Amino acid sequence: MLILGFGIGVNTAIFSLINAVILKPLPFPEPGQLVQINQPYQNDAFEGVDYPDYIDIAAAQHTLTSLAVVTHAGLDLTGDGEPQHVSVQFVSASLFKVSGLRVVVGRVFTDAEDIPHGPLLAVLSERFWRTRFNADPQILGKNLTLGDNSFQVIGVVPAQVSDWGPPGDDVYVPANAVAPVGFFGNNRGYPLELRDRHYFSCVGRLKPGFTLSQAQADLDLIRRDLLRRYPETSQGYGIRVTPVLDAMVSNYSGTTGLLATAAGLLLLISSANIANLLFARGLQRGREMMIRTTLGATRRQLIGQVLSETLLLSSLGGILGLIITLASTEGIKELCPTDLYRFQEFNVDWATLFFVFVVTVVTALLSGLWPAVRLSRATLAPSLRDLGGRTGTSGPGQNMIKAALVTVQVTLACILLTGASILIRSFQAAQTAPLGFNPDHLLTAEINLSSARYERDATKGRAFWNSLLPKIRQLPGVTAATMNDQPPLKWDWEALPPFTIDGQPDPGPGRRSALTWQMVSADYFQTLQVPMLQGRDFNTQDTIDKGNVIIVDNALAERYFPGQSPLGKSLTVQSWDGARHCTIVGVVQHLRFKSAGQTENSFQGYFPYMQWGLDRVWLILRSTLDPSTLAPAIRSTVASIDPGIPVLDVHTYDDLISQKFVTRRLCAFLVTLFSGAALFLSSIGLYGILAYSVGQRTREIGIRITLGAQIADILRLIAGQGVKIVGVGLSVGLIGAVTGARLIEGLLYGVSPLDLPSLGISVLVLGVAAAVACLLPALKAVRIKPTEALRE
């Protein structure tokens, strides 16, 4: 019951997770028709869509009933209760048609209202309406101040409408309100008319009867037309259509699939173990089965009796498994990140209960069918021989079956152990991968200058930072402070504008390399302890009225300026406000921008924030004290300059990095747990078959000792049986492990699927466990006294 309960419970918990994250349909009408459209540049992960291309795609496509764009920004809600920083989703009016959901209260804005310089309208998320405004039905018609702009509330929509995140985000950011995309283009500094500004997620709904491949073929034709009409901005950009759910869970679908495989292997090991136990128990009932057969019982009746007993045992194990499921579910929730889409939605529901029922029945069949069939074949003479007759030993057929079941357990345990070893080594490699900077004693804090007075006048934003940074540096324990608009490892997406090297051949649109760009303040590299390889850092002279400057990483310098200094050379970057010519003043070491295992651009460029306008920025400081204790001081310092500026998302860099490894850590932990259970079960199975063998061969061993067999001979006789089983299981298991590791190669970092240390660890651990399992029955065998054995 314990073995079955653990196997069923673990599998049910993992099923609940996979069901909630991947299998359960999205909470929209006909969710299978929802698709996401991306425009990847040179197959890079940054896949936003620009607004003019969206308009052209929507007008030219033939396979979608509707198409919409979505992006988001953080705005401060003031003037109505406590100030709050809220997430606002800027969408085209067609999003409400794409979602297919009804309005909760009021109405939504229309295409006629979703225009540049149109009315400032807001539709609240139902979740936000209930938590912030207590589901006030009088909210309609009220004005809310968001970022110094007054939005009129015209309706409330289900929370699912606002659950689409911005392009490339790896976290789940539910929006509090939805507003027309026209405001985003005119008030947020992102002009919608530019074709090379890929800011938006694009979602659509397939027409009935059309497939994903048909939609892709239609979009391929549109892409070729855009390439012909707008070669400068369309070269290098593709158009890709994927199911919305696949896009939302793509970052961790491989992890959940691996967990399902590991849990399934553990269930097979549990079933094989139970089958062996039932088979051994059934042999003790051989005479009972012979008597029943002699009295007229049919094979069907005998099989039914054994299976009904097995089903009862499995049912009790299933009840225990459900209890284990409840505990496991809560444990996994504690380990799961809260900001990954749907991860916190899994629980024990009707689908889970049905899964428990199915697994219980399947387990009963897997573990009980073969023993039942074998026992139902009982006839008098063969059974007397097979039950040992005068020798008291099991027949060769029975021994072969039991050995085969244990071999299967050893094989599966070897696969799980090897997989766990590879995942652990991959996790360690990812954690210890060079970052290029020192994260110890670093603190980050998001500071959002989202109010209109900063957005409309960039000089005020620069003045704010010029006032804040010196005060932060004077806080107790602070040794350095700086800022960055995209800190390393904060996101798993990059701003990737194309660039060209002045004076070198232009490869042309679509073939230009892209640059991971970041806007930073002076002392940025000193704060992160990044060595300056050539040139200088930014200084107070790098202002907007001076020539544009840039600091590049050594990867760009080595690629475009081999054997020469890049200092003084210039490059042209296609920024959101047009082409900018920037002079290279420094070269720094390449930093890891995204989490280990994520493909990232190979070139990085840094720009002085004094030459650009900023709103959403991260303060980064280094302290000799525990940096987490500085959060109150940071908030009070910001408030002393502007009480209306919120300080958000305060984390140490160690915590930020740790969040990047949550799914890897969860996967490695659970697979290791499963492999440990598999090792225990297979060891128990091996011990059981050898101990049973010793019990059945008591008279044989007594005779051997009487005839002069030495202790070493008896040890070799019993242990040799176990060695053969383990040898075959390890051989097949290693082949399976290598094959399986190739299937999860995409989840590995810094470790090959043919990782010899991992293979060696699994062989060593299984060998030690097998040695212990073989040694105990062997020691019992050598203690058999011949006189007592012969007397039995």
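The values are calculated or read from the model by the stated rules, or taken from the named source; none is laboratory data. Keep in mind the model is a prediction, meaning the values are calculated, not measured. As a convention, Cβ positions derive from the backbone with ideal geometry for all residues, glycine included, and neighbour counts pool all protein chains shown. Ligands, DNA and RNA are stripped out before the accessible areas are found, and what is left, the full protein with its side chains, is counted by its heavy atoms. Shrake-Rupley method; radii C 1.70, N 1.55, O 1.52, S 1.80 Å.
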Solvent-accessible area per residue, Å², over the chain with all protein chains present [probe radius 1.4 Å]: 42 Å²
Local electrostatic count at Pro29 - Lys and Arg +1, Asp and Glu -1, tallied over other residues with Cβ under 12 Å: +2
Roughly how many percent of the accessible protein surface of the chain is carbon and sulfur, given a 1.4 Å probe and a whole-percent answer? 60 percent
Got the relative contact order for the chain handy, in percent, Cα pairs under 8 Å and 6 or more residues apart? 17 percent
Taking only DSSP H segments of four or more residues, each worth -39500 (n - 2.57), what value at 222 nm results for the chain once the sum is divided by all its residues, to the nearest 500 deg cm²/dmol? -16000 deg cm²/dmol
Approximate spin-label separation Arg783-Arg229, in nm, with each point projected 7 Å along Cα-to-Cβ: 8.8 nm
Protection proxy (average C-beta count within 10 Å per residue), highest first, orders 413-426, 192-205 as 413-426, 192-205
Hey, can you rank 403-410, 722-729 by average C-beta count inside 10 Å, highest first? 403-410, 722-729
Going by Cα centres, the range 2-72 and the range 518-581 are how many Å apart? 38 Å
So the angle from the long Cα axis of helix 662-696 to the longest Cα principal axis of the chain, reported in degrees to the nearest 10, equals 0 degrees
Nearest 10 degrees, 0 to 90: helix 51-60 Cα axis against the chain principal axis: 70 degrees
Which order do the peptides 239-247, 9-17, 433-441 take when ranked by the mean count of other beta-carbon atoms within 10 Å per residue, highest first? 9-17, 239-247, 433-441
So how do Ile55, Ile641, Ile718 rank on accessible area, 1.4 Å probe, biggest first, that is with the largest at the start? Ile55, Ile641, Ile718
For the Cα atoms of the chain, what angle does the longest principal axis make with the long axis of helix 631-641, in degrees from 0 to 90, nearest 10? 10 degrees
